[in-house]
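Visitor: Here it is: the structure, laid out below.
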Amino acid sequence: MAEHEQLIYVPVETGPAYFGPGDRYVFLVTGKDSGGAYFILEATVPPGGGPPPHKHHREVECFYLLEGALTVQVGDREVQASAGDFVHVPRGTTHAFQNSGDKTARMLAVFSPAGMEGYFEEATNPAPDRFATPPPPTEELIARMVAAGPKHGVEWV
């Protein structure tokens with residue numbers, strides 16, 4: 001049986017964790033696990049968190065909000081997403097999300113095909129304490145995110 005056809009079990013709070021631009025990302029399923037089909041992460045987005053507008057030239061991205069609320073911009077549309085809502089972002093579409101509320105939001109982000117995990121590994125910081133509040137973005141982090149973009153098909157707009 002191929003490696004990507006094996007059972008995948010990720011106990012709570014055990015996947016690799018990274019701090020991004022004010023957010024925490026925990027890898028649940030990578031391309032290695034899915035035979036390259038998809039990558040799934042759990043994002044914890046504190047008030048004020050969320051990435052600036054960008055687009056993925058290689059992947060479709062979907063969000064399923066588990067807790068809290070986010071303002072999600074997809075192209076020229078804005079959606080006020082809350083727990084239980086699903087948002088599909090077509091490949092090549094400018095999008096962003098922000099937690100403009102006062103409670104932490106949690107969501108699943110699905111990228112298909114896989115590959116964005118390489119971007120997160122290169123451009124964000126490992127989270128040594130996954131329970132800590134994600135630090136605010138630094139100039140160094142933003143520079144790494146921008147520099148890693150072209151290699152991984154991410155364009156910041």
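Visitor: When you check A143 against the structure, is it among the small types (G, A, S), in a helix (DSSP H, G or I) and over 16 Å from the mean Cα position of the chain (by Cα), yes or no? Before the answer, list the steps.
Guide: Details: among the small types (G, A, S): yes; in a helix (DSSP H, G or I): yes; over 16 Å from the mean Cα position of the chain (by Cα): yes.
The answer is yes for A143.
Visitor: Sticking with this one: Kindly evaluate A132 against the criterion of being over 14 Å from V45 (Cβ atoms), crowded, with 19+ Cβ neighbours inside 10 Å and of a type in the set (G, A, S). Before you say what the answer is, go through the steps one by one.
Guide: Numbers: over 14 Å from V45 (Cβ atoms): yes; crowded, with 19+ Cβ neighbours inside 10 Å: no; of a type in the set (G, A, S): yes.
When the stated conditions are applied, A132 does not pass them.
Visitor: Please pick out the residue among A96, A109 that is in contact (Cβ under 8 Å) with a residue 60 or more places away in the chain and closer than 16 Å to G20 by Cα.
Guide: Details: A96 fails: in contact (Cβ under 8 Å) with a residue 60 or more places away in the chain.
Of the residues listed, the single one that is in contact (Cβ under 8 Å) with a residue 60 or more places away in the chain and closer than 16 Å to G20 by Cα is A109.
Visitor: For a quick check of your reading of the model, give me the residue pairs whose first member lies in segment 128-141 and is more than 20 Å from T14 (Cα to Cα) and in contact (Cβ under 8 Å) with a residue 12 or more places away in the chain, whose second is in a loop (DSSP other than H, G, I, E, B) and β-branched (V, I, T), with beta-carbon atoms closer than 8 Å and at least 6 apart or on different chains.
Guide: Within 8 Å, the pairs are L141/T124.
Visitor: Ok, one more. Taking segment 1-24, which residues are assigned to a helix (DSSP H, G or I) and either acidic (D, E) or surrounded by 18 or more Cβ atoms within 10 Å (Cβ to Cβ) (or both)?
Guide: Initially, segment 1-24 is screened for residues assigned to a helix (DSSP H, G or I), giving 3-5.
Correct list: E3, E5.
Visitor: Answer yes if at least one residue in segment 25-47 is assigned to a loop (DSSP other than H, G, I, E, B) and within 12 Å of the chain's Cα centre (by Cα), and no otherwise.
Guide: Residues of segment 25-47 assigned to a loop (DSSP other than H, G, I, E, B): 30, 35-38, 46-47.
Checking the rest, the ones that are also within 12 Å of the chain's Cα centre (by Cα) come to none.
Within segment 25-47 (the criterion being assigned to a loop (DSSP other than H, G, I, E, B) and within 12 Å of the chain's Cα centre (by Cα)), the answer is no, since none of the residues qualifies.
Visitor: Here's something else I'd like to know. What do you reckon, is G92 modelled with pLDDT under 95 and surrounded by fewer than 18 Cβ atoms within 10 Å (Cβ to Cβ)? Working first, answer last.
Guide: Working: modelled with pLDDT under 95: no; surrounded by fewer than 18 Cβ atoms within 10 Å (Cβ to Cβ): yes.
For G92, the condition - modelled with pLDDT under 95 and surrounded by fewer than 18 Cβ atoms within 10 Å (Cβ to Cβ) - is not met.
The values are calculated or read from the model by the stated rules, or taken from the named source; none is laboratory data. Being a predicted model, the structure only gives us computed values, none of them experimental. In this analysis, Cβ positions are derived from the backbone assuming ideal geometry, glycine residues included, and neighbour counts consider all displayed protein chains.
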